[in-house]
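Contents: one structure, followed by commentary.
The values are calculated or read from the model by the stated rules, or taken from the named source; none is laboratory data. Small disclaimer: the values here were computed from a predicted structure and weren't measured. Don't worry about glycine lacking a Cβ; one is built from the backbone with ideal geometry, like all the others, and counts go over all protein chains shown.
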Amino acid sequence: MILSERIAYEVRRFFARLLKRPRLDLPLLGGLLALCLIGLAVLYSAGGGSTTQVLNQSARLALGFAVFVLLSRVPPAILRDWTPWFYAGTVALLVAVALFGEGRGAHRWLDLGVLRFQPSELAKLALPMMVAWQLHARVLPPTWSTLAMSAVLIAVPALLIAEQPDLGTALLVAISGAFVIFLAGLSWPRIGLVVGAAAAAAPIGWQFMHEYQRNRVRMFLDPEADPLGNGWNIIQAKIAVGSGGFAGKGYGMSTQAKLDFLPEHTTDFIFAVFSEEFGVIGVAVVIALYIFIIGRGLMIAADARDTYSRLLAGSIAMTFFVYVMVNGGMITGLMPVVGVPMPLISYGGTSAVSLLAGFGVLQSIHAHRRHALTPS
Amino acid sequence: MLRSRPALSRRIKDGAHETLLFRRRALAGFTIIACCLAVLLGRFFQLQVLRHDEFNARSDANRIKIRPLPPARGLIYDRNGVVLADNVPQYRLELTPEQVDDVDATLQRLRAVLSLSDEDIERFRELRRLKRNFDGVPVRLQLSETEVASFAVQRHLFPGVEIVPYLTRSYPHRELLAHVVGYVGRIDEGDRERLDPARYAGFSHIGKTGIERQYEDVLLGQPGYEQVETDAQGRALRVLHRVPPRQGSHVRLTIDARLQEATAKAFDGRPGAAVAIDPRNGEVLALVSLPGFDPNLFINGISRKQYAALLNAVYRPLFNRALQGGYEPGSTAKPFLGLAGLELGLRTANSTVVSTGQFRLEGASHVWRDWKRGGHGRVNLHEAIAQSVNSYFYQLAVDLGIDRLADYMSRFGFGRPTGIDLQGEASGLLPSREWKLRVHQKPWYPGETVIAGIGQGYWIVTPVQLASALATLASDGVRHVPHLLLSTQTARDAPRPAAIHASTPSFVRDRANLVTVRDGMVAVMHGPTGTARAVGAGSTYRIAGKSGTAQRYTRKDASEYDEKRVAEHLRHQALFVAYAPAEAPRLAVALVVEHGSSGSKAAAPVARAILDAYLLPPPAPMP
């Protein structure tokens, strides 16, 4: 009884504070909300007017914003202090997935009885937090030995995820760690060295790829060679985009999606439907919106008082870009088909929730920008 | 690199420196990101604006499919407008697998409503494999009205099953015109290879034989098409544009269905063939080959059993005797040979030959006989034709020699196809020295010339050839290519007459010679000694005729040929040629009654019946 009263009291107090002093960065919030609304509108059209998908997605976005608001109230200092545990837990869950996971073809899901979720989504936040945590106390720019340590911290979850196999998420996770190192001031010559080494290692990586992943690279190089097989998705996506023209075919007029030529037209390829319906004008508006959100995120990061918050906030904002680039590159045939959604527009709950959670952390950092953290 | 940095031991955290460093990095990162996204936007611009036309075309190509609309086939009429080949509405039952939960159970339940054979079900399964899941698959064709009605009542019990109307070819006269009109059948692999796929888009049937085959291009019509919007599975969603098909031209034949029917009836069930030609223009008024077959069986695929039955039937109903049957002309050749003798100056109308019943060649032991024991006595050409005196023509053939004989006979069209507008015509055989050496590697024997004088030996004619030769004789030596096409007519325009058929000017030098031969042939029917005088008796118009009997059974000795002792299929072929009215011929008939024993007895009455049907009232309307 006392406990429940206590919880009720805390919840009341939380909302009272939230309403009294929301401490949210309104431009960022506005940008995110605008994206979500665009996403829901395109989903309604791409799904052929199905309201179930739209309602599902709305519920997930609502859940995402709840997490967003909750995390925005958690001071960065607490996040920082819990970071190693969070990271360790995430790695443990990834190991568990590797051992007991389920899913068709790829083992990504973990069934916890009450809910099924993908631990790799946790890694999207846990990894940049961990690298930021590792670097925040050190003198920056990082030394080679520090860098080696960071590399291990990045490689363990990234390889576990790539092994599932989920190349897209592994890429996003690894890059979010790399962004922390970049923001920590790793010198340009060293960056060149690391990128060069990675490029040299690519042929070795080819050896470890699954056949379906190799096929994706192959068809990226020449999609028209197999127009009904592997290249179908890319060709149909390009046709959808290209036929959109300058001003688009109009809302709800995507023939490529309506007539089922474009596969996955509510998930990974939804932005092709958007491009078909709204043309290059619509694309420019959405890309501008993405740039605005990323820029705003980086400003929040630059305003943060302590290194941990800065690095984490910067990495979250920059990783958001990778989603846009990989997905946009995929549907226009600039990049191979990697299962990366268009952030906050593609249908699918897990990525929306984890993305909004990341922006919740950004909001928290923004809210606490005047509080200097005590060194841990 | 280490030189530019503070020594490791001296490194301490410098907040202001790190903040600055971070801000520079954040700015650099943002610049890179903005550049990358600008490149991405540039890529969108490239696809959406610069290459818009290309992708827009591909998008349309994706969604818009062309669906062919087959036209209705042109109809076939006889010369009086009687429909010989029709398009009739039929109903078929179709099942759309996508809309049916349990196909097998539905088929079983359908059996309670209408008859479904195992063959139907087997065909359904075969077709289903070839079609897409949302296409209707025919379950039963040619539903009867009762079946349509009883299904309609229970329709609500069979979702996904429906009755679909369609047009099918129909030959209302059945076996009567099977060998003329022919039939259409399903397009098979062989057809597909030689056809232009654009012209036959959407077609299921093609003319296989007869007029249907000969005038396929005329009857076919112009397919239309629909532009339909489809989804990725090819399912049609709506029609964007429609160009209607144009029905094929109707074809009017020279055939007179009434005469055709009378001709077939005159055979009274016996196998044989008859061809009736208007000698004035070569129009074929009747072309009969008996027994016939029902062409309707072939339209939608004949069953194996039925086909085997037709193939193995004793008188081979699928065989077109009128066009392909080869017969010795026998005595029907005599008028032609008689004209040759007169025209080439070897005989006059009054030249006589003494018939003793036996004919010998000098230095040869073989004896050739007259059909009458003891012979006919002294006869001129008139009597020789009227009484069919062999000896006269034995001697004439010997005097002509095989070379001149063959040369003159070829003027009547013997030995080569007549050029009638039907496929598969045989050329017959007009023997010659050169031919025998080439085919048999043997010289020509004088005895072979002797029997050529009575139309026997190697000489083979087809009924259409014989009819054409007779028509040439009847039209004073002017040869018209026999033909079946009278006119064609599109749905909108006036009838267009068939191209004028080739005719060769008369080769006869002296018309008096023609009169001599004709009078001989009239005497066959009406003279006191004529071989067919019994048949010619009582006619209100005058007939010029000649019988012929081709041997199947070779006499080894002088014994009489006894019809009753010889099995039917070994009996002689009875031939008859006749044209009438003799003075101004309007119809020339050549016919064969197979195994009919004697031309004058078996075949002449058939010829009379045909001529009566055409020339006696009610007179057939002429064009």
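Annotations for the structure displayed:
- Where A:R116 falls short, out of the listed (1) away from chain B (no Cβ under 14 Å); (2) modelled with pLDDT of 85 or more; (3) touching an Asp or Glu at 6+ places or on another chain (Cβ under 9 Å): (2)
- Residues in the range B:153-187 that are modelled with pLDDT under 85, farther than 17 Å from B:L116 by Cβ and more than 37 Å from the chain's Cα centre (by Cα) were compared, and the one that is surrounded by the most Cβ atoms within 10 Å (Cβ to Cβ) is B:P159.
- In the range B:41-66, residue farthest from B:A201 (Cα to Cα) [restricted to those that are among the basic types (K, R) and at the interface with another protein chain (Cβ under 8 Å from one of its Cβ atoms)]: B:R43
- Within the range A:190-207, the set of residues being surrounded by fewer than 11 Cβ atoms within 10 Å (Cβ to Cβ) and not aliphatic (A, V, I, L, M) comprises A:G192, A:G196, A:P203, A:Q207.
- Complete set of residues in the range B:489-526 that are in contact with a Pro (Cβ under 7 Å, 6 or more places away or on another chain) and not in a helix (DSSP H, G or I): B:Q489
- Any hit, the range B:279-287, residues being of a type outside the set (G, A, S), surrounded by fewer than 22 Cβ atoms within 10 Å (Cβ to Cβ) and in contact with a His (Cβ under 6 Å, 6 or more places away or on another chain): yes
- Only a single item in (1) surrounded by 15 or more Cβ atoms within 10 Å (Cβ to Cβ); (2) within 35 Å of the chain's Cα centre (by Cα); (3) in contact (Cβ under 8 Å) with a residue 12 or more places away in the chain is not met by B:S410, and it is number (1).
- Residue check for A:Y44: within 30 Å of A:H210 (Cβ to Cβ), at pLDDT 90 or above, among the hydroxyl-bearing types (S, T, Y) and surrounded by 14 or more Cβ atoms within 10 Å (Cβ to Cβ): no
- Entry remark, the range A:306-339: residues being in contact with a Lys or Arg (Cβ under 6 Å, 6 or more places away or on another chain) and more than 18 Å from B:L40 (Cβ to Cβ) number 1 in total.
- Just one of the listed residues (A:I234, A:I161, A:I175, A:I154) is in contact with a helix residue (DSSP H, G or I) (Cβ under 7 Å, 6 or more places away or on another chain), modelled with pLDDT of 85 or more and within 14 Å of another protein chain (Cβ to nearest Cβ), and it is A:I175.
- Exactly one residue out of B:E434, B:E425 is surrounded by fewer than 19 Cβ atoms within 10 Å (Cβ to Cβ), more than 17 Å from B:L346 (Cα to Cα) and out of contact with any Lys or Arg (no Cβ under 6 Å at 6 or more places or on another chain): that is B:E434.
- Scan of the range B:357-374 for residues that are part of a loop (DSSP other than H, G, I, E, B) and exposed (fewer than 13 other Cβ atoms within 10 Å of the Cβ), ordered by number: B:E362, B:G363, B:A364, B:S365, B:H366, B:R373, B:G374
- When the range B:203-224 is limited to residues that are among the hydroxyl-bearing types (S, T, Y) and crowded, with 20+ Cβ neighbours inside 10 Å, the one that is farthest from B:K65 (Cα to Cα) turns out to be B:T209.
- Residue satisfying condition, being buried (at least 23 other Cβ atoms within 10 Å of the Cβ) and facing another protein chain (nearest Cβ under 9 Å), within set A:I316, A:I294, A:I300, A:I287: A:I294
Yes/no per residue for (1) more than 17 Å from A:L356 (Cα to Cα); (2) loosely packed, with under 13 Cβ neighbours inside 10 Å; (3) at pLDDT below 90:
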{"residue": "A:Y9", "(1), (2), (3)": "yes, yes, yes"}
{"residue": "A:A16", "(1), (2), (3)": "yes, yes, yes"}
{"residue": "A:G49", "(1), (2), (3)": "yes, yes, yes"}
{"residue": "A:A59", "(1), (2), (3)": "no, yes, no"}
{"residue": "A:A66", "(1), (2), (3)": "no, no, no"}
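- The single condition among (1) surrounded by 14 or more Cβ atoms within 10 Å (Cβ to Cβ); (2) assigned to a strand (DSSP E or B) that B:L110 does not meet is (2).
- Taken over the range A:319-363, the criterion of being on the phi > 0 side of the Ramachandran plot, surrounded by fewer than 24 Cβ atoms within 10 Å (Cβ to Cβ) and either away from chain B (no Cβ under 12 Å) or charged (D, E, K, R) (or both) is satisfied by A:G348 alone.
- Any hit, the range B:292-309, residues being closer than 22 Å to B:L587 by Cβ and touching a residue at least 12 places away in the same chain (Cβ under 8 Å): yes
- Flag if A:R23 is farther than 28 Å from A:A257 by Cβ and part of a helix (DSSP H, G or I): no
- Residues of the range B:126-136 classified as in contact with a helix residue (DSSP H, G or I) (Cβ under 6 Å, 6 or more places away or on another chain) and either of a type in the set (G, A, S) or modelled with pLDDT of 85 or more (or both), total: 0
- For the range B:349-364, filtering for residues that are free of Cβ contacts under 8 Å to residues at least 40 places away in the same chain and touching a Lys or Arg at 6+ places or on another chain (Cβ under 8 Å) leaves 5.
- Test result for B:S303, touching a helix residue (DSSP H, G or I) at 6+ places or on another chain (Cβ under 9 Å), crowded, with 22+ Cβ neighbours inside 10 Å and of a type in the set (S, T, N, Q): no
- Sole exception among (1) over 16 Å from B:S547 (Cβ atoms); (2) aliphatic (A, V, I, L, M); (3) not in a loop (DSSP other than H, G, I, E, B) for B:A384, by number: (1)
- Residue in the range A:256-277 that is part of a helix (DSSP H, G or I), facing chain B (nearest Cβ under 9 Å) and at pLDDT 85 or above present: yes
- Candidate set from the range B:484-538 (those that are polar (S, T, N, Q) and under 23 Å from B:T549 (Cβ atoms)); member that is surrounded by the fewest Cβ atoms within 10 Å (Cβ to Cβ): B:T529
- Among the residues making up the range B:464-494, those that are of a type outside the set (A, V, I, L, M, F, W, C) and in contact with a Lys or Arg (Cβ under 7 Å, 6 or more places away or on another chain) are B:T472, B:S475, B:D476, B:S487, B:T488, B:Q489.
- Only residues that are in a helix (DSSP H, G or I) and surrounded by 24 or more Cβ atoms within 10 Å (Cβ to Cβ) were counted in the range A:239-255, giving 6.
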